[in-house]
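Okay, structure first, notes after.
Please treat every number below as a calculation from the coordinates, not as lab data. The structure displayed is predicted, hence computed values, not measured ones. For neighbour counting, all protein chains shown are included, and Cβ atoms are generated from backbone atoms with ideal geometry for every residue, glycine included.
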């Protein structure tokens with residue numbers, strides 16, 4: 001049974017917790033940050049961010065203004081952006097969460113109510129926080145905005161193309177079909193799994209260009225006997241598809257892993273232009 005921490009100061013934030021488990025410092029800082037954010041405690045948020053913090057929401061390109069142009073850099077600019085949203089209340093029902101190294105990830109349903117309207121708007125939502133020295137250094141959001149905000153006429157066809165291409169690419173990625181991946185990746189595609197930084201220097205770096213991405217994957221799949229993602233939830237919005245669930249993979253030496261994961265795929269012009277993986281590598285191998 002999933003236990004919840006419910007906060008009720010003008011909003012609710014439901015977080016899955018393990019009974020008796022102690023939170024890692026990263027998770028504790030991230031939890032507090034989300035509390036401040038949902039309560040619109042802007043003065044406290046200024047202290048919660050590093051001065052050089054960075055905020056990016058690739059899926060917000062469907063809107064207009066600074067959030068669509070992003071990334072936003074600097075604590076004060078980020079807080080000013082959050083204030084500009086004009087939220088009267090917000091709720092984040094977190095269905096899944098994990099922290100690994102400096103990163104904390106939360107996925108679920110975000111509900112917002114604006115000052116100028118009584119109606120609540122609900123959307124699928126993922127936020128990824130990087131914590132440095134007890135402060136938020138980076139926040140990356142992925143939201144399913146197109147349908148909740150009534151943008152199907154403008155972005156419906158884009159969404160459908162993203163749905164089709166991302167599904168084909170994900171099948172090739174999980175199936176270690178290197179030729180199909182090469183065909184689907186744009187020449188200037190970008191891949192990053194920042195959560196892999198937990199493995200130390202040289203891990204989790206940003207790869208730019210299909211050639212570099214495929215060179216790394218050729219090396220990686222030589223050591224992987226099986227790879228899959230059991231998708232528990234997903235959404236597609238504009239140019240972005242988000243898949244949430246558990247990734248399972250088996251190394252050639254027989255070691256098997258089953259870990260929470262989120263994979264985000266960006267599609268433009270019929271090709272994959274960006275791919276993020278976020279995995280809870282803190283979960284030990286199966287049977288360990």
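Against the main long axis of the alpha-carbon atoms of the chain, helix 75-84 sits at an angle near 70°.
Separation of the stretch 249-267 and the stretch 135-186, taken as the distance between their Cα centroids, equals 18 angstrom.
Counting beta carbons within 10 Å around each of 31, 188, 258 and listing the fewest first gives the order 188, 258, 31.
The orientation-averaged projected area of the convex hull spanned by the Cα atoms of the stretch 153-279 comes to 7.6 nm². Between residue 206 and residue 273, the contour length at 0.36 nm per residue exceeds the alpha carbon distance by 22.8 nm. Computed over the chain, the range of Cα coordinates on each principal axis works out to 52, 49, 37 Å, biggest value leading.
Shown is the FRET efficiency for residue 178 and residue 152, computed with R0 = 22 Å from the Cβ-Cβ distance and rounded to the nearest 0.05: 0.05.
Helix 25-38 and the long axis of the chain differ in direction by around 50°, with both axes built from C-alpha atoms. Looking at the stretch 152-214, what % of the alpha carbon pairs are farther apart than 19 Å? More than 19 Å apart: 46 percent of the Cα pairs in the stretch 152-214. Counting only DSSP beta bridges with both residues in the chain, what percent are antiparallel, rounded to the nearest 5? Restricted to the chain, the bridges split so that about 85 percent are antiparallel. With neighbour counts taken as other beta-carbon atoms within 10 Å, the residues 103, 49, 249 rank, fewest first, as 249, 49, 103. When only alpha carbons are used to place a centre, the stretch 30-64 and the stretch 191-247 end up 25 Å from one another. Extending 7 Å from the Cα toward the beta-carbon at both residue 115 and residue 41 defines two label points whose distance is 2.1 nm.
Placing pseudo-labels 7 Å out from each Cα toward the beta carbon at residue 221 and residue 167 gives an inter-label distance of 2.1 nm. Taking every DSSP helix (H) stretch of at least 4 residues in the chain, weighting each as -39,500 (n - 2.57) and dividing the sum by the residue count yields a mean residue ellipticity at 222 nm of -8000 deg cm²/dmol.
Rounded to the nearest 10 degrees, the inclination of helix 152-174 to the longest alpha-carbon principal axis of the chain is 40 degrees. Assuming R0 = 30 Å, can you tell me the calculated FRET efficiency for the pair residue 256 and residue 80, based on Cβ-Cβ distance, to the nearest 0.05? FRET efficiency, residue 256 to residue 80: 0.05.
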